[in-house]
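Student: A single structure is presented below for examination.
The values are calculated or read from the model by the stated rules, or taken from the named source; none is laboratory data. Source: prediction; values computed, not measured. We place every Cβ from the backbone using ideal geometry, glycine too, and count neighbours over all the protein chains shown. When the accessible area is computed, the model is the full protein with side chains, heavy atoms only, and any ligands, DNA or RNA have been set aside. Shrake-Rupley method; radii C 1.70, N 1.55, O 1.52, S 1.80 Å.
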Amino acid sequence: MASSADEVVLSLSESNSVTVHLHGATVTSWRHKGTERLFVSKQAVFNNKKAIRGGIPVVFPNFGPWDLGPQHGFARTSRWTVESKDDKPSNGAIKAVLILEDNEATRKMWNHKFKVTYTLTLKETEFVMDFAVENKGDQAFSFTALLHTYLRVEDVTKTTVSNLKGLNYVDKVKGGDMFTEDRELVSLAENYDRVYQNTPDEHVVMDGESGRTVIVKKTNFPDTVVWNPWADKAKGMSDFGDDEYPNMICVEAGHVSSAVTLTPGDTFHGNQVLNIVQ
Ligand code: BG6
């Protein structure tokens with residue numbers, strides 16, 4: 001369990017709230033009308049060291065295995081600071097701004113000066129994540145980034161993701177080969193780890209079992225990763241229950257197929273909005 005000193009809670013009402021853990025700026029809960037919409041494993045470790053298994057970990061400055069540091073970069077295992085947090089909602093929205101800047105530990109891995117500003121805004125049916133990276137140094141740098149969203153579903157085999165038809169994807173389960181998606185609605189039936197490229201800015205994720213439907217909207221994140229470890233891989237993960245894989249689907253908005261290059265003083269802006277339809 002996380003202690004309250006580690007968390008920021010954005011509350012619109014008793015039943016509509018978002019909780020963010022400062023370890024990794026990981027969103028660990030998004031409740032709408034009392035229903036939890038994100039998946040966090042019961043085995044997730046909250047020791048301020050390991051990445052939290054579930055919710056929305058921030059992947060930066062590298063997606064995937066990394067020569068310079070841990071898989072998916074250091075943002076999800078760094079302590080973030082709170083720049084500001086609204087005490088109460090205004091005009092139906094409540095907001096917090098979290099910051100990650102370079103420090104000794106990050107510079108040891110990746111010797112660049114940067115500031116990441118992560119603005120989280122909760123509205124009645126929408127949760128908005130604005131992700132900005134500023135180059136504070138005097139040299140250009142390149143990075144990849146992604147918001148690793150674990151959506152909670154009743155049954156992943158009855159869950160569909162729209163708007164992927166006709167797109168190229170890298171299948172990480174099949175050795176990183178490239179394929180083209182031919183399904184109108186993508187559903188999963190096995191270990192699934194695909195990086196869809198040049199995706200449209202909206203995917204409807206519908207859980208046929210519960211009827212719960214979320215639209216994942218994104219700006220400046222050209223890729224969509226769809227991931228579920230399935231039964232065998234789940235068994236090999238110490239922080240993921242063996243029987244939990246049916247209850248999650250990761251639909252991850254990112255800039256990962258190609259890197260973003262920022263010249264000194266420049267800022268990258270990417271954005272993800274989760275919108276509740278049902
Ligand atoms: C996904 C990757 O985004 O994250 C997968 O595409 C990876 O390859 C998964 O297995 C989980 O990564 P991790 O480091 O949190 O176990």
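Student: Return only the number of the condition from (1) part of a loop (DSSP other than H, G, I, E, B); (2) within 15 Å of the ligand (Cβ to nearest atom); (3) open to solvent by 10 Å² or more (accessible area, probe 1.4 Å) that Asp87 does not satisfy.
Tutor: (2)
Student: Are there any pairs with C-beta distances below 8 angstrom linking a residue in segment 236-247 that is closer than 14 Å to Ala44 by Cβ to a residue that is of a type in the set (Lys, Arg) and exposed (fewer than 15 other Cβ atoms within 10 Å of the Cβ), with the two at least 6 apart or on different chains, and if so which?
Tutor: Cβ pairs passing all conditions: Gly241/Lys42; Glu244/Lys42.
Student: Taking Ala231 as the residue in question, decide whether it is modelled with pLDDT of 95 or more and crowded, with 20+ Cβ neighbours inside 10 Å. Explain how you work it out, then say what you get.
Tutor: Working: modelled with pLDDT of 95 or more: yes; crowded, with 20+ Cβ neighbours inside 10 Å: no.
Judged against the criteria, Ala231 is not a match.
Student: Yes or no: segment 50-63 includes at least one residue that is more than 22 Å from Val251 (Cβ to Cβ), assigned to a loop (DSSP other than H, G, I, E, B), within 14 Å of the ligand (Cβ to nearest atom) and in contact (Cβ under 8 Å) with a residue 12 or more places away in the chain.
Tutor: Yes.
Student: Please find, among Val27, Val45, the residue that is of a type outside the set (Gly, Ala, Ser) and surrounded by 23 or more Cβ atoms within 10 Å (Cβ to Cβ).
Tutor: Answer to the check: Val27.
Student: If I filter segment 167-189 down to residues being under 27 Å from Thr213 (Cβ atoms) and over 23 Å from the mean Cα position of the chain (by Cα), which single residue comes out as nearest to the ligand (Cβ to nearest atom)?
Tutor: Phe179
Student: Right, something else. Could you please find all residues in segment 49-105 being among the β-branched types (Val, Ile, Thr) and closer than 24 Å to Ser13 by Cα?
Tutor: Ile56, Val82, Ile94, Val97
Student: Looking at this structure, is Thr119 polar (S, T, N, Q) and either in a strand (DSSP E or B) or buried (at least 20 other Cβ atoms within 10 Å of the Cβ) (or both)?
Tutor: Yes; evaluated as a whole, the condition is true for this residue.
Student: In segment 154-167, is there at least one residue being without any contact (Cβ under 8 Å) to a residue 60 or more places away in the chain, in a helix (DSSP H, G or I) and either within 21 Å of Pro70 (Cα to Cα) or open to solvent by 10 Å² or more (accessible area, probe 1.4 Å) (or both)?
Tutor: Yes, segment 154-167 contains a residue that is without any contact (Cβ under 8 Å) to a residue 60 or more places away in the chain, in a helix (DSSP H, G or I) and either within 21 Å of Pro70 (Cα to Cα) or open to solvent by 10 Å² or more (accessible area, probe 1.4 Å) (or both).
Student: Do the conditions hold for Asn135, that is, is it away from the ligand (no atom under 16 Å from the Cβ) and surrounded by fewer than 17 Cβ atoms within 10 Å (Cβ to Cβ)? Step through it out loud before you land on a result.
Tutor: On the way: away from the ligand (no atom under 16 Å from the Cβ): yes; surrounded by fewer than 17 Cβ atoms within 10 Å (Cβ to Cβ): no.
No.
Student: What are the residues in segment 61-82 that are within 17 Å of Thr26 (Cβ to Cβ) and surrounded by fewer than 18 Cβ atoms within 10 Å (Cβ to Cβ), if any?
Tutor: Across segment 61-82, the qualifying residues are Pro70, Gln71, Arg79, Thr81, Val82.
Student: Pull up segment 234-259, narrow it to residues that are among the small types (Gly, Ala, Ser), out of contact with any helix residue (DSSP H, G or I) (no Cβ under 9 Å at 6 or more places or on another chain) and open to solvent by less than 50 Å² (accessible area, probe 1.4 Å), then point me to the one that is farthest from the ligand (Cβ to nearest atom).
Tutor: Ala253
Student: Can you tell me which condition Ala140 does not meet? The list is (1) among the hydrophobic types (A, V, I, L, M, F, W, C); (2) within 20 Å of the chain's Cα centre (by Cα); (3) more than 14 Å from Gly69 (Cβ to Cβ), and all the others hold.
Tutor: So Ala140 meets the others, but not (2).
Student: Going by the conditions given, is Gly69 within 16 Å of the ligand (Cβ to nearest atom), in a loop (DSSP other than H, G, I, E, B), farther than 30 Å from Glu36 by Cβ and not basic (Lys, Arg)?
Tutor: Judged against the criteria, Gly69 is a match.
Student: Any idea which of (1) among the small types (Gly, Ala, Ser); (2) farther than 24 Å from Trp30 by Cα; (3) not in a strand (DSSP E or B) is the one Ser142 doesn't satisfy?
Tutor: Failed condition: (3).
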